[in-house]
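What follows is a single structure, written as structure tokens, with notes after it.
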Amino acid sequence: MVEREIEEWSKGKQVTGGEEHVSIYSGDQIAIPSIVYDQYLSGTEAVKILYSKNTNEIGIKASDPDDPNSYQLGSGTKTINCKSFLVRYGLTVEETTKYPITVDSGVVWVDTDNPLSDSAE
């Protein structure tokens, strides 16, 4: 009898290619996949966005919805409408692009220098 290492598939909660990511849409929005939201930002209604000049990373962290510098997340797809931010830091894209993430001290860091190869969504 063959020994099998079995993994149960969780429909709708998988990361494409096995790598956690965040996308930037050509419509100047940042999109947070449900698996990333559920794991790192669950229950968050608003976020603040940060930018690291030396690493060219976008930081996304939970915020008080009443904070004037916070961005409200949509009730369905978790998107951040932040055109001025993306334009200011030269992060606009012509087509949807996925970027890998890391998480440090509650901040989701988006590595904009290393787009994932299967970026089209």
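Every number in this text was worked out from the coordinates using simple rules, so none of it is lab data. Everything numeric in this text was worked out from a predicted model, so none of it was measured. Ideal geometry is used to build each Cβ from the backbone, glycine not excepted, and the neighbour counts take in all protein chains shown.
Once C-alpha pairs closer than 8 Å and six or more residues apart are averaged by separation and normalised to the residue number of the chain, the relative contact order reads 28 percent. Once the C-beta distance of residue 52 and residue 77 is scaled by a Förster radius of 25 Å, the resulting FRET efficiency is 0.50 to the nearest 0.05. Each residue, residue 95 and residue 116, gets one label point 7 Å from its Cα in the Cβ direction; the gap between the two is 1.6 nm.
Non-local lysine pairs in the chain, meaning eight or more places apart or on different chains, with alpha-carbon distances under 22 Å, amount to 17.
Along the axis of the charge dipole computed for the chain (Cβ charges of +1 for Lys and Arg, -1 for Asp and Glu, origin at the Cα centre), the listed residues 97, 27, 77 are led at the positive end by 27.
Each label was represented as a point 7 Å from its Cα along the Cα-to-Cβ direction; for residue 3 and residue 102 these points are 3.5 nm apart.
Remark on region 20-111: ratio of C-alpha radius of gyration to 2.2 N^0.38 Å is 0.98.
The length gained by stretching the chain between residue 39 and residue 88 to full extension, at 0.36 nm per residue less their Cα-Cα distance, is 14.7 nm.
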